[in-house]
1. In percent, how large is the relative contact order of the range A:201-341, given Cα pairs closer than 8 Å and 6 or more residues apart?
2. Could you work out what % of the accessible surface of chain A is carbon and sulfur, using a 1.4 angstrom probe and leaving DNA, RNA and ligands out of the count?
3. Quick check on packing: order A:131-138, B:212-219, B:114-121, A:149-156 by the mean number of other C-beta atoms within 10 Å, highest mean leading.
4. Could you compute how much accessible area chains B and A hide from each other, both sides summed, with a 1.4 Å probe? Nearest 100 Å² is fine.
5. What is the set of long-range amide H partners of A:Thr210 at a cut-off below 5 Å, with H atoms built 1.01 Å from backbone N?
6. By how many degrees, between 0 and 90 and to the nearest 10, does the Cα long axis of helix A:225-237 differ from the longest principal axis of chain A?
7. Over the Cα atoms of chain B, what is the Rg over Rh ratio if Rh follows Kirkwood?
8. Hey, any idea what the orientation-averaged projected area of the convex hull of the range B:133-191's Cα atoms comes to, in nm²?
Amino acid sequence: MSTTASTSVYATSSRSSADLWLHRFAVVVAVCTFCLILAGSMVTTTGSGLAVPDWPTTYGQNMFTYPPSRWVGGILYEHVHRLIGASVGVLMIVLCLWLWFSCRPRRLKWLGSAALLAVCLQGLLGGLTVIFRLPTWISVAHAGLAEICFCIALSIAVLTAPGWRAIAAGELTIEQAKLRRFCKVVLACVFLQIILGALMRHTQSGLAITDFPLAYGSLIPPTSSAALESINIERVWELELEPVNLAQVWIHFAHRVGALVVVLAAVILVRRVFAHFSGRKELVAAAMVLSGLLILQILLGAVTIWSQASLHVTTAHVGVGVLMLGSSLVLLLRTWTHPRR
Amino acid sequence: MFSKRTMMAALAAAFVCSAAQLAWADGGVIKGLASWEGEPYKRKPIQVSADPHCAKIHSDDPLLSEKLVTNPNGTVRDVFVYVKSGLPVGKTWPVSSEKVVLDQNGCHYVPHVFGMMAGQELIVRNSDNTAHNINTSPKNNEGFNKGQPKKGMEFTETFENREIMVKFKCDVHPWMSAYCAVMDHPFFATTDEEGHFEITGLPDGEYVIATWHERFKKAQEQTVVISGGETKEVEFVFKRPKKKKKKGN
């Protein structure tokens, strides 16, 4: 072998190794972003969002030097959430720079920049939720942007995976185009359901209906204040819960209806994958993961109600929701790529 | 010149007039009880293990829920009683210079329910050896969320507008809450460990006295007439509401 050829082989091998490590790092960033969302969920469930009244300091001190002995009660959840957030921010900076210095396509580099911008914006939104004392829409936006940050990080991880190439426009079949469109629909449905869930939590509507699968013994929850009065007597005196209003009940019910929409969309998508793409292992795998997560998510939703929103069950419910979003996204991205032959 | 009998009558009349004037100057009094009908309400113990300081101080004496406290004598504590209407229209009442103190002591707020006047100073104090945040979200006043990470820290706040109630809560210790009524007059009281309340200094008039309690959505009201600086007694009765039968949606 000539020197030029061996250098070329060495350069290719070296670049492949670097690309693999970039991919692995992107996976780590996606996993850390997922963990950050779980930590944020725990902050909301425990009502700790304002346990640290100042930002970006912690009780007047540098957040990185606030002593662990003082991480008590709600401070533990909020402070740890901020620390993980800062860490994810640093990881995103590294990922962004790494992408720009790599030989990856330009669009992937811009995706890295988008990830960094999103996580910076997310940090600012988090600060605003504290400064303005948890206004509902800022809190919901903070939850929504968290999902977007995760999706961008996951996209980078998927698109940097070795052994894949982009499908050229001419290669796309009609069925593939249909599948791609439907993947987008499912992704949108799951994202909107997550936003509804965030709205439900940030309007204290998470336990506005205390039974499942019925709503106060009926298919449809109360529509009048008079009917709600006896429900609130039971809530206050039997269940030791705060009373609720009709708006809260119906926001909660909207999340349940949203779940039915997601189930319908996901079932149609999975059927389509099995019917037309049974030979594409990567699509079948993603569809199976989505199906499994869907069943788990419905069970977790029920147990969240039955357990009166216990911390771990609620956190798991939020986490599986994020994973459903992720698996829908992976399915969509795989409609854009083919394994290298 | 005057007989002994006349002199005695004049002295008695003078005494009665002075007493009456004194009574009018002090004003009328509305006092009474907030009674509880039925079995004493069982207060649930609060899980405080999230903070080692709170867990330590309550290891032998559990902290109990303050959402409804029925006293051993069959009365209710922490009922806020106030004059809802009947005061002279347009009259402004001087704001007391006395400072109201809200203390965080034993990982709960002391007092749990209290009243103050709009513009009166409120001192919020941390007497615990742990961090607290004091979070309020009033509807008619400027809210705040302040931290007191150390024992002994204090800050002063005022609320400028009438509001029943302003809720105080601690997000570090989610079981902690207190309620503050911001009034535009000084005629209010909160029932004590015996269920008693007393509102003093009322001018003559016909008043509607109302109650507020965090567990009872509907206020109770009674009309009381005060004349000649007299003392009137009223009783408010609280009981566990009966569960209504569901009539459908």
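The values are calculated or read from the model by the stated rules, or taken from the named source; none is laboratory data. Just so it is clear, the structure is predicted and the values come from calculations on it, not from any experiment. Every residue, glycine as well, gets a Cβ built from its backbone with ideal geometry; the counts of neighbours run over all protein chains shown. Side chains are part of the model used for accessible areas, which takes the heavy atoms of the whole protein and leaves out ligands, DNA and RNA. Shrake-Rupley method; radii C 1.70, N 1.55, O 1.52, S 1.80 Å.
1. Details: 110 pairs, mean separation 33.5, N = 141.
Relative CO of the range A:201-341 lands at 24 percent.
2. Whole-percent figure for carbon plus sulfur exposure: 71.
3. Numbers: A:131-138: 14.2, B:212-219: 16.0, B:114-121: 19.5, A:149-156: 24.8.
Packing order, densest peptide first, comes out as A:149-156, B:114-121, B:212-219, A:131-138.
4. The B and A chains share an interface burying roughly 2600 Å².
5. A:Tyr216
6. Computed tilt is about 90 degrees.
7. Across chain B, the Cα-based Rg/Rh ratio is 1.08.
8. Numbers: hull surface 19.8 nm².
Over all viewing directions, the range B:133-191 projects a mean Cα-hull area of 5.0 nm².
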